[in-house]
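S.K.: Structure in structure tokens, see below.
The values are calculated or read from the model by the stated rules, or taken from the named source; none is laboratory data. Note that this is a predicted model, so its numbers are computed, not measured. Virtual Cβ from ideal backbone geometry, glycine too; neighbours counted across all protein chains shown.
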């Protein structure tokens, strides 16, 4: 539980520090460097932990794997897309809501799976597949769906993908090739995410007031969405899996939506719309407490 609390307090602290920095004389362009550096280093660490053997292992999990993939990459994105159209009238809220909920978490959902006494083995095997599927899916979603809301020139998309995917992937390859396990461990620390969040909120400047006005609606919608997904995934998991630990694991991966990869790409794609990545970064303020409550409640089942 200490690691979960650490993650939540770290994000809250980063948000508060960022808000204070937004009123400081530090140039926003300088703080944006924190964002890019933090996210690129973090993604390098995440990619360096992925093993192709893990993907082969995931395929052996059969029915659980198929269920989790369909839920994470078909059902939940379509649900988020529909709600985005129906609920919000501001483009920042629409895009932030959809993109935050588009893809599953690539790392810390395992901590909640363990806390809930869920099937850690299956979710560990699922992790590399979640990440690889995101890498394949995101360019198409950004160009064909998000591009209908906000035009994204192909050269801009290619440039952003080259920076926020190309550099981390290249770095992770070097780490693996040179067996730099200590470097991988340092790059994968969540403190890099905290640095990025602090820089993100600090670079808002005067936009911090606009952010504070729309944040309650955004977090309220995120909370309702996640509670609905939690109830549905838990009921479905109990019905289709004989082992309750698999039902717990399914709910954990379905609720955990925070993806550093999405945040990094959004930072690069929408430099003139800083509220979008700031809202995405605020999502865990709802997600983490909900995951914690769920894990504690079902732990003894």
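S.K.: Find all pairs meeting these conditions: Cβ atoms under 7 angstrom apart; at least six residues apart or on different chains; first residue within the range 69-87 and touching a residue at least 40 places away in the same chain (Cβ under 8 Å); second residue loosely packed, with under 11 Cβ neighbours inside 10 Å.
M.R.: As it stands, the answer is none, since no pair meets every condition given.
Conditions (1) crowded, with 21+ Cβ neighbours inside 10 Å; (2) within 20 Å of the chain's Cα centre (by Cα), marked per residue:
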| position | (1), (2) |
| --- | --- |
| 114 | no, yes |
| 118 | yes, no |
| 122 | yes, yes |
| 132 | no, yes |
| 135 | no, yes |
| 149 | no, no |
| 153 | no, no |
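S.K.: Provide a single number: the residues in the range 101-116 that are part of a helix (DSSP H, G or I) and under 15 Å from residue 130 (Cα atoms).
M.R.: Adding up the residues that qualify gives 4.
S.K.: Which is in contact (Cβ under 8 Å) with a residue 40 or more places away in the chain and closer than 16 Å to residue 51 by Cβ, of 210, 181, 172?
M.R.: 172
S.K.: Turning to a different aspect of this structure: State all residues of the range 144-158 that are under 17 Å from residue 273 (Cβ atoms) and in a helix (DSSP H, G or I); if no residue qualifies, say none.
M.R.: 145, 146, 147, 148, 149, 156, 157
S.K.: Quick check on this structure: which one of 219, 204 is surrounded by 13 or more Cβ atoms within 10 Å (Cβ to Cβ) and at pLDDT 90 or above?
M.R.: Just one listed residue meets the conditions, 219.
S.K.: Also: Condition first: assigned to a loop (DSSP other than H, G, I, E, B) and touching a helix residue (DSSP H, G or I) at 6+ places or on another chain (Cβ under 7 Å). Now tell me which residues in the range 190-206 satisfy that.
M.R.: Passing the criteria: 190, 203, 204, 205.
S.K.: I would also like to ask the following. Which helices (runs of 4 or more DSSP H) does the range 42-90 wholly contain that include 1 or more residues that are out of contact with any strand residue (DSSP E or B) (no Cβ under 9 Å at 6 or more places or on another chain) and at pLDDT 85 or above?
M.R.: Fully inside the range 42-90 and qualifying: 63-70, 76-87.
S.K.: Would you confirm, using the coordinates I've provided, whether residue 209 is in a helix (DSSP H, G or I), at pLDDT below 90 and loosely packed, with under 15 Cβ neighbours inside 10 Å?
M.R.: yes
S.K.: Additional query: Under 21 Å from the mean Cα position of the chain (by Cα), modelled with pLDDT of 90 or more, in a helix (DSSP H, G or I) and over 18 Å from residue 259 (Cα atoms), is that true of residue 186?
M.R.: Considered against the rule, which asks whether it is under 21 Å from the mean Cα position of the chain (by Cα), modelled with pLDDT of 90 or more, in a helix (DSSP H, G or I) and over 18 Å from residue 259 (Cα atoms), residue 186 comes out as yes.
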